[in-house]
Number of protein chains: 2
Amino acid sequence: MIMKTIAEYSAEIESALRSIEYPGGKLSGLYQPIEYALSAGGKRIRPVLVLMGADAFGDCAAKGMKAALGIETFHNFTLLHDDVMDKSDIRRGRPTVHKKYNENTAILSGDTMLTLATKYVAEVEDDKLRRVLDTFNDMALRVYEGQQLDMDFETASEISLDDYLEMIEGKTGSLLGAAVKIGALIGGASDKDADLMYEYGVMTGLAFQIQDDWLDTFGDATTFGKPIGGDINNVKKTYLYVAAMAEGSKDVEALKSAYQIPAGDVRVKAVTRIYEKLGMNEKCRKAVGHYSAKALKALNATSLSEEKKESFRKLAEKLIGRKK
Amino acid sequence: MIMKTIAEYSAEIESALRSIEYPGGKLSGLYQPIEYALSAGGKRIRPVLVLMGADAFGDCAAKGMKAALGIETFHNFTLLHDDVMDKSDIRRGRPTVHKKYNENTAILSGDTMLTLATKYVAEVEDDKLRRVLDTFNDMALRVYEGQQLDMDFETASEISLDDYLEMIEGKTGSLLGAAVKIGALIGGASDKDADLMYEYGVMTGLAFQIQDDWLDTFGDATTFGKPIGGDINNVKKTYLYVAAMAEGSKDVEALKSAYQIPAGDVRVKAVTRIYEKLGMNEKCRKAVGHYSAKALKALNATSLSEEKKESFRKLAEKLIGRKK
């Protein structure tokens, strides 16, 4: 059986998300913000990975749908709480939940989403429940640990590239890995294949995140969808920032000075110039290539047919992009 | 086999809580606040109920220990987030987590506790996993719904006694019910017995909460452990408040006026006098008796031996107290 396109899986998820019925009436204060958060659209890459995993290994995307909704609900729970912690007011062009409602709502509706996500993910066949649940819970801990590191980085004086990689593996990689692994387990994949798909997901996540960091500085504003230089103006500890600071040359001092320039185009240009001088453009693209290759290596080692592997290659390509 | 005393179960839990090893090093920012929160002591009634359930139905308190730690971790997760939402600075005589650390820590370490709790509770035999997990997740949703109603009550103009009971059943009853039900399931109880124990736990929780409301107004400061009248000064929507406001007589107007008096002894005395005039002292004690009786009725309907039933009667008595 031929797998569907990413757009087709994504449309199925969108429709399933819309058909979830939440308690209303006097409980709408708790559940309406959840509906709001989940209606913001987006690529739905994480739940697509669940469906693709289930389809690839068991020809049973439908069986993976509830877990896919669980993964998307979990992802959005982390966004609700992260937005409170980061004091972010806008997400996908709309007010974040704590701005549209209030902080207490973002906290409590977020908690509710985590439990709903766990419930959805647990709706798998009995003989798969233990492995799926363990994969989900362990992933959740990795995500919180990644967020903790990310928050610590804001005030840390020195961050190693390993610290940075650990952080994005937690925040971004583990969720992509768990999504496709849970799908694979639902599809009946062997433990070996399930672990290889986890590796494929994690490495794709790392490549995606580093590419995202790269795009913020070296990308094209029209295709990136966000203004260039946002991370530089927010002194975000990106791959570029961490790798450049680790260079140890006298350019590091110049970089620190450039970050002292008031936020704006002048700072962005000055920092970008130093990044280029330090070879960060190339280093970053090499890192993306490195993790993409690791993802494909894991994928190729699975027992999947060439045709199915091709579907996952396309997904990684779509996610990581080719905007060099 | 004779069951242990509540103090013995409680000591076992205290010791098991202390022996949990959390990741340290660079992740201590995430896990240290969890240790802090769980070291505050307290009655540990909820995990005691898990152990008692496992012991009563299966003579296997040890098998229930991990789930007991899960229930206690869950309970403390709700305290971390509730304290942020209610802006409470002190709990059990110590700064709350968001005061000792900060709000972001209380949110993220709280999230981590919810996932840890789910992991611990899931450490049961495979054939019990589904029922235990469903009981846990459904309970968690009831707790959030109760907290939502509680927050809504702060600004609501009219609250019925049914609304109030729904709120405390969610916030307090469901957790006691789920704790003892999970223990019973681990012990191998039949579904019927497990459901009866759930009913025992929920009803004990209702009686406990109403008794707690009563003590705030009519209790003795030395045995209550808190200053009398705290709920009156905070305009808390207690059983007394809701039941009195529902009386519909002209005393309701007097009550509203009394609540306009600045917080302090004068207000507490004025409100207490009207509560007495409205017969709230007696009504409240009757309600406690009513739910206690329901708890015992459910307990008596189980297949447990008279001796084991007596252990659960003692627990309810200890919890609800006899401070009339």
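The values are calculated or read from the model by the stated rules, or taken from the named source; none is laboratory data. Here the structure is a predicted model, which is why all the values come from computation and not from measurement. Glycine also receives a Cβ, built like all others from the backbone with ideal geometry; neighbour counts cover every protein chain displayed.
What the table below lists for this structure:
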read-out	value
Criterion: more than 11 Å from B:Phe218 (Cα to Cα), among the β-branched types (Val, Ile, Thr) and either in contact with a Gly (Cβ under 8 Å, 6 or more places away or on another chain) or modelled with pLDDT of 95 or more (or both) - qualifying residue of B:Val252, B:Val271	B:Val271
Number of positions in region B:1-47 that are in a loop (DSSP other than H, G, I, E, B) and under 24 Å from B:Tyr198 (Cβ atoms)	7
Residue satisfying condition, being within 12 Å of chain A (Cβ to nearest Cβ), of a type in the set (Lys, Arg) and in contact with a helix residue (DSSP H, G or I) (Cβ under 6 Å, 6 or more places away or on another chain), within set B:Lys181, B:Lys119	B:Lys119
Answer from B:Ala301, B:Ala263, B:Ala295 - the residue that is over 22 Å from B:Met245 (Cβ atoms), of a type in the set (A, V, I, L, M, F, W, C) and surrounded by fewer than 17 Cβ atoms within 10 Å (Cβ to Cβ)	B:Ala301
Some residue of region A:305-316 being under 27 Å from the mean Cα position of the chain (by Cα), hydroxyl-bearing (Ser, Thr, Tyr) and more than 21 Å from A:Ser160 (Cβ to Cβ)	yes
Given (1) in contact with a Phe, Trp or Tyr (Cβ under 8 Å, 6 or more places away or on another chain); (2) within 14 Å of chain B (Cβ to nearest Cβ), index of the condition A:Val48 fails	(2)
Those residues of region B:125-156 which are under 21 Å from B:Gly110 (Cα atoms) and of a type in the set (Phe, Trp, Tyr), in sequence order	B:Phe136, B:Tyr144
Given (1) out of contact with any Phe, Trp or Tyr (no Cβ under 9 Å at 6 or more places or on another chain); (2) over 17 Å from A:Asp150 (Cα atoms); (3) free of Cβ contacts under 8 Å to residues at least 40 places away in the same chain, number of the condition A:Arg267 does not satisfy	(1)
Complete set of residues in region B:107-123 that are closer than 19 Å to B:His81 by Cα and either touching a residue at least 60 places away in the same chain (Cβ under 8 Å) or outside any helix (DSSP H, G or I) (or both)	B:Leu108, B:Ser109, B:Thr112, B:Met113, B:Leu116
Top-ranked residue in region A:88-106 [being more than 10 Å from chain B (Cβ to nearest Cβ) and in a loop (DSSP other than H, G, I, E, B); ranked as surrounded by the fewest Cβ atoms within 10 Å (Cβ to Cβ)]	A:Gly93
Count of residues meeting criterion [touching a helix residue (DSSP H, G or I) at 6+ places or on another chain (Cβ under 6 Å) and touching a residue at least 24 places away in the same chain (Cβ under 8 Å)] in region B:7-41	11
Some residue of region B:48-61 being touching a residue at least 60 places away in the same chain (Cβ under 8 Å), under 27 Å from B:Thr135 (Cα atoms), of a type in the set (Val, Ile, Thr) and in contact with a helix residue (DSSP H, G or I) (Cβ under 6 Å, 6 or more places away or on another chain)	yes
Filtered residues of region B:70-86 (kept if surrounded by 24 or more Cβ atoms within 10 Å (Cβ to Cβ) and either modelled with pLDDT under 95 or more than 14 Å from chain A (Cβ to nearest Cβ) (or both))	B:Ile71, B:Glu72
Total residues in region A:298-324, condition without any contact (Cβ under 8 Å) to a residue 24 or more places away in the chain and under 16 Å from A:Phe208 (Cα atoms)	3
Scope region B:124-171; condition buried (at least 21 other Cβ atoms within 10 Å of the Cβ) and assigned to a loop (DSSP other than H, G, I, E, B); matching residues	B:Val124
Qualifying residue in region A:40-50 (condition: buried (at least 20 other Cβ atoms within 10 Å of the Cβ) and either more than 20 Å from A:Leu315 (Cβ to Cβ) or modelled with pLDDT under 95 (or both))	no
